[in-house]
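Undergrad: The structure's right below; bear with me while I get my questions together.
The values are calculated or read from the model by the stated rules, or taken from the named source; none is laboratory data. Here the structure is a predicted model, which is why all the values come from computation and not from measurement. A quick note on method: Cβ atoms are made from the backbone with ideal geometry, for glycine too, and the neighbour counts reach across all protein chains shown. We work out accessible area using only protein heavy atoms, side chains counted, and drop any ligands, DNA or RNA first. Shrake-Rupley method; radii C 1.70, N 1.55, O 1.52, S 1.80 Å.
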Amino acid sequence: STQSTWEFGGAGGRLVGGVVCCGGTEKSMADKAGKKQQESGSTTFQQASSSTTASTSTQQQQPPQQSTWVRTLKQMLAGGTAGAISKTCVAPFERVKILCQNGKSRGILRTFRQIYRDEGVLRFWAGNNANVIRVLPNRAVLFTSNERLKKLAHAHHFLDNYPTFLSTTVGSIAGAVSVATTYPLDLVRGRMGGLLGPSKYTTMWVTVKVTAREEGWRALFKGLGPTVVGALPYEGIKFGIYDFLARRVPELEDALGATWFLSSFPNTPDDPVAARERRARQKKGDLSVGWSLVVGGIAGAGSGTITYPIDTIRRRMQMQGTEALTEATTYRNSRDCLIKMVRFEGARSLFAGVLANCWRVAPAAAIQFGAFEFLKSILHV
């Protein structure tokens, strides 16, 4: 047979047979290997395609990483805009409060009627332009400093076990920095809205010129001391109360039942994914816009009432020199102002207009925090 011939046909036959047989085997093995390689290549391509598609979809789902500068600018824009919106909304209450603090008011409702009767509706917003111009950089610095300082503290594990105390400390520092950098604008706003009837302080620029000409440039910083001292507890207490209540929102939602307005995250404890999200957001203290309005209003009213006497002294110092001075209205410093107010007007004068202040500061803080959270969500901060 051919097989035997190839087997016994000599060395040449064996060589040829071997070549033929081996060649046939190699060809068969090569065909099989080629098919496997094609199948493997096809599978690898499919896996790579699916991996690329998954990676692309993941990249599309995740927001692009923002640089520190871009994030900071967005935070400043959100904070400044939120402050401007809140101040404009509560400007009438702000004007009445200033008049009460300056001793120009005999009652909140009577002052409202007097402004409307003698000056018109628009005069409720007297000095608001100066206030908005002041608040834009002030709140931009306040919220950005608060966020950055808190992030820095977390990075160094500073007061990790005392989050409320951390928020109070960071808020105090941020408040002092913000008011110190924008104080002259605060004085201008106070003088423009702190007098009843016709006033020589008609515009911002006129107020600056008149103040500097009659009292010197240093007069633009009258009351800076009590302002900084007042900002330390006011902003600190406000951010502390806000953080304290924000971390208890999940328990409040469980007790009250989350609504579409207040709900900040799913109220479904049986869902493990929702439970993890709840714990993560509770740890961060994140709130929805609705809860920010509620918690912010409570925080603003509480801190504003506690620190109100400091704010009254600050306003008295700012208004000194706008009218003829007497022994009772000539203040050497903040301590002297406190002593003379108590001596000549009684301790109750330190809280003159506190009710109007609550009407002002509660909605102002609510709108401020709510608008800040809303703008952060829009700007993807």
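Undergrad: Keeping all protein chains in place, calculate the accessible area per residue for segment 58-208 (probe 1.4 angstrom), answer in Å².
TA: Details: 7610 Å² over 151 residues.
Per residue, segment 58-208 has 50 Å² of solvent-accessible surface.
Undergrad: Another one. If R₀ is 30 angstrom, what is the calculated FRET efficiency for the pair residue 157 and residue 339, using the beta carbon separation as r and rounding to 0.05?
TA: 0.10
Undergrad: Of the listed pairs 209/376; 151/376; 97/340; 87/238; 87/340; 200/238, which have alpha-carbon separations greater than 27 Å here? Mind dumping the intermediate values first?
TA: Values: 209/376 38 Å; 151/376 16 Å; 97/340 20 Å; 87/238 17 Å; 87/340 31 Å; 200/238 35 Å.
The pairs that break the limit, which is 27 Å between Cα atoms, are 209/376; 87/340; 200/238.
Undergrad: How much solvent-accessible surface does residue 124 expose, in Å² to the nearest 10, with a 1.4 Å probe and all protein chains in place?
TA: Near enough 20 Å² of accessible area.
Undergrad: Please label the shape of segment 92-167 as rounded, prolate or oblate, based on the square roots a ≥ b ≥ c of the eigenvalues of the alpha-carbon gyration tensor (a/c under 1.5 means rounded; beyond that, a/b larger than b/c means prolate, else oblate).
TA: Values: a/c = 5.47, a/b = 2.65, b/c = 2.06.
Taking the square roots of the gyration eigenvalues as a ≥ b ≥ c, segment 92-167 is prolate.
Undergrad: Follow-up question, since we're still on this one. What distance in nm lies between label points placed 7 Å from Cα along the C-beta direction at residue 173 and residue 377?
TA: 3.0 nm
Undergrad: When the convex hull of the Cα atoms of segment 134-175 is projected onto a plane and the area is averaged over all directions, what value comes out in nm²?
TA: For the Cα atoms of segment 134-175, the hull's average projected area reads 2.6 nm².
Undergrad: In µm²/s, what is D for segment 325-381 at 4 °C and 1.567 mPa s, where D = kT/(6 pi eta Rh) by Stokes-Einstein and Rh is the Kirkwood radius from Cα pairs?
TA: Estimated via Stokes-Einstein, D reaches 90 µm²/s.
Undergrad: Starting with the highest mean, order 210-217, 168-175 by the number of other Cβ atoms within 10 Å, averaged over the residues of each peptide. Each step should come with its number before you reach the end.
TA: Working: 210-217: 13.2, 168-175: 23.4.
Ranked from most to least packed, the peptides come out as 168-175, 210-217.
Undergrad: Next up: Determine the dipole magnitude for segment 171-216: charges of +1 sit on the beta-carbon of Lys and Arg, -1 on that of Asp and Glu, nothing else is charged, the reference point is the Cα centre, and the result goes in debye to the nearest 20.
TA: On the way: 5 positive and 3 negative charges, 30 e Å.
Around 140 debye, computed over segment 171-216.
Undergrad: In nm, to one decimal, how far is the modelled label at residue 209 from the one at residue 181, with both set 7 Å along Cα→Cβ?
TA: My value for the distance between the label points is 3.0 nm.
Undergrad: Over segment 178-239, what percent of the accessible surface lies on carbon and sulfur atoms, probe 1.4 Å? Could the numbers behind the result be given before it?
TA: Numbers: 1860 of 2620 Å².
Of all accessible area on segment 178-239, carbon and sulfur atoms account for 71 percent.
Undergrad: Also: How many Å³ per residue does the convex hull of the Cα positions in segment 109-210 occupy? Could you put the intermediate results ahead of the total?
TA: On the way: hull volume 11.1 nm³, N = 102.
With only Cα atoms used, segment 109-210 gives 108 Å³ per residue.
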